[in-house]
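One structure is given here, and the rest of the page talks about it.
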Amino acid sequence: MVTSLELLAPAGNAEIGIAAIDHGADAVYVGAPKFSARAGAGVSVSELSRLIKHAHFYNARVYVALNTILTDREISQARDIIWVIYESGADGLIIQDVGLLGLDLPPIPLIASTQMHNHTVEKVQFLEAVGFKRVILARELSLEDISEIRRKTGKIELEAFVHGSLCVSYSGQCYMSQAVANRSGNRGVCAQPCRSHYTLIDGDGNKILQNKYLLSLKDLNLMSRLPEMIAAGITSFKIEGRYKGIEYVKNITAAYRQVIDRFISEHTGYRRSSSGAASFTFIPDPDRTFNRGYSQYFISGKREKIASLDTQKSIGQHLGKITAMGKDFFQINCEDLQNGDGLCFFTKKNDLAGFRVNRVHQGKIYPNSMRGLEAGMSVYRNLDTAFNRILKKPSAKRLINVQMDFAQEETIIRLKVRDEDGNEANVFREFLFEPSREPETARRHIEKHLTSTGNTPYQAISLTILPDAPGFLSASILNGIRREALETLTTIRREAYSRENIPFVANSAPYPEKTLDFRANVYNDLARKFYERHGATVEEPAFETLSDIQGKTLMTTRYCIRYQLDLCPKMQHPGQPVKEPLRLKDAHHTYRLEFDCQQCRMLLILDDQ
């Protein structure tokens, strides 16, 4: 049995989605025109259709995210949008709101959004029993957790994030933005308060750390862990970033494409889930586009210091340390700096500062500002002008392999082309010709023109010519029959694409919990009825409906401030304990921190007293 591996890339619009496909993505995910968890990254129906047409040519898939929670009024609008999405040819629908399952949905495969809090075996088993084709797992799961889910479930597909920005809270379980800005993350308009700075105080009101980004995490990078994730049962590897630009998506998609292809080439029993191979005009490097520094989060099951306390911004690529200083220049062991590059560094107070490179001359870097720079400081490049210049242009080509068979008969020439997926096109033309006086020259002439596929999405990997001593044919005849054969093949490929249809059939599989509070995100009557049908009682509606939120848990996270700052009771000096409870404060609110060490979780609770 051959297992298909899917590289899944983000697309904020059709142009970025097409670029992702061209750079090796097996699938892309986009936001629906409305009701996407990234409200600013939805695509229009016409753009969606254009992207789907391009993707399906390569047997790549397009999944559409309609993954916010919905009001009773909105849910009927969502139903109409879902039908349009299906009729446009989308391959899957990513949802959070179970109220949608009470509608007459088209037979589009359902994908459980990570906002559904898919973090236990029992939850994934339930989603499979309900009828989901795929589940997007919580980022917080370890390889051991994933392996257990795979062992205890059936055929449901497991998708996992492997790269990009990290939400500090379990997805779908963060209510901080709603509480402080009236902008719900579960409604697609998160204000990202986790990227703000806070002051940490102890139980006596003493400041432990002031004005630091205490909830801002580094970015995820699991590139080196893909073989282990495959062994654990992941088959779809997801890059975060529907708000990211085209340069980022090109670079990160290409980087993961190379890693997955290397794995496939070294292990039998695996294949790409789409067709065609991409080649690039650049060397992919995740360090050279947006990143806050990298983390492997909890994939190993071990603790890791994962916060980016000193900045919430991209620091980019580490270049090295300053080796020498002059009046208006400095030196560093980096040979590819360009005029206009953006560099940054951390000051003595650990604040991020930056500058532009005005000039590079004979190993000396002349910045637009020398303020704060000292010998020995580490320098990072967060704007790589040369790299971005390459990525702004067409930077990849994805080609389908074809085999060609050419034959000359007395009054007919025939060309058969067969692609890597088994699709076949046959064309012929009536033509009278005389045997060539130089058959070897005629043969080379045929080879040259039939295999010159030019700007088409094909590359000829073999060509047979009969008879061995063919007659001479003009370039226009050969180019014409090649063009007709490849155009016919393109039509055949498009008609041959077959998407999966899975009608949804409601059932009464038991939900793993019996009573549900606001964290079930029940925002409409159909969602409530769904849980009741599956044996659960909704005791509290969605957080967005609550009038009294004092004392509510705004965030549940596996990130631990105590561990990050070496304040864990297991790590502290016995004579110098930090008095609890710990609190975070900003200009407007106070949040109490509680620690569930047995479950390895931290809770952030609104505590404005």
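The values are calculated or read from the model by the stated rules, or taken from the named source; none is laboratory data. These numbers were taken from a predicted model, which means no experiment stands behind them. When we count neighbours, we look across all protein chains shown, and the Cβ atoms used for this are built from the backbone with ideal geometry, even at glycine. Surface accessibility is based on the protein's heavy atoms, side chains included, excluding ligands, DNA and RNA. Shrake-Rupley method; radii C 1.70, N 1.55, O 1.52, S 1.80 Å.
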Requested in this report: Treating the Cα atoms of the chain as identical point scatterers in vacuum, please give the log10 of the normalised Debye intensity I(q)/I(0) at q = 0.09, 0.10 Å⁻¹, two decimals.
Outcome: -0.82, -0.97
Query raised in the report: Nearest-5 percent of antiparallel DSSP beta bridges in region 60-164?
Result: 0 percent
Requested in this report: Return one quarter of the surface area of the convex hull spanned by the alpha-carbon atoms of region 119-181, equal to its mean projected area, in nm².
Outcome: 5.2 nm²
**Report entry** Per residue accessible area in Å² of region 288-410, where ligands, DNA and RNA are left out and the probe is 1.4 Å
**Finding:** 51 Å²
Requested in this report: Hand me the trypsin sites (Lys or Arg not before Pro) from region 102-175 located in a DSSP loop with no more than 16 other Cβ atoms within 10 Å, in residue order please.
Outcome: K152, K155
Report task. Enter the per residue convex hull volume of region 370-440, computed from alpha-carbon coordinates, in Å³ rounded to the nearest integer. Result -> 250 Å³
Report summary line: Among beta bridges assigned by DSSP with both residues in the chain, the antiparallel ones amount in percent, to the nearest 5, to 60 percent
**Report entry** Quotient of C-alpha Rg and 2.2 N^0.38 Å, computed over region 72-154
**Finding:** 1.19
**Report entry** Heavy-atom accessible surface of the chain: percent carbon and sulfur, 1.4 Å
**Finding:** 47 percent
Query raised in the report: In the neighborhood of H589, defined by Cβ-to-Cβ distances under 12 Å, what is the net charge if each Lys or Arg adds +1 and each Asp or Glu adds -1?
Result: 0
Query raised in the report: Considering only protein heavy atoms, what per residue accessible area in square angstrom results for region 13-66 with a 1.4 angstrom probe?
Result: 28 Å²
**Report entry** Long pairs among K305/K327; K133/K514; K123/K250; K313/K364, criterion Cα-Cα beyond 29 Å
**Finding:** K305/K327; K123/K250
**Report entry** trypsin sites (Lys or Arg not before Pro) restricted to DSSP loop in region 464-538 with at most 12 other C-beta within 10 Å
**Finding:** K514
Report summary line: Here the net charge surrounding I156, from other residues whose Cβ is less than 12 Å away from its Cβ (Lys, Arg +1; Asp, Glu -1), is +3
Report summary line: Expressed per residue, the solvent accessible area of region 506-577 in Å² (1.4 Å probe) is about 51 Å²
Query raised in the report: trypsin sites (Lys or Arg not before Pro), restricted to region 434-466: which are DSSP loop and have at most 12 other Cβ atoms within 10 Å?
Result: R437
Query raised in the report: What does the charge add up to near M555, with Lys and Arg as +1, Asp and Glu as -1, over the other residues with Cβ less than 12 Å from its Cβ?
Result: +4
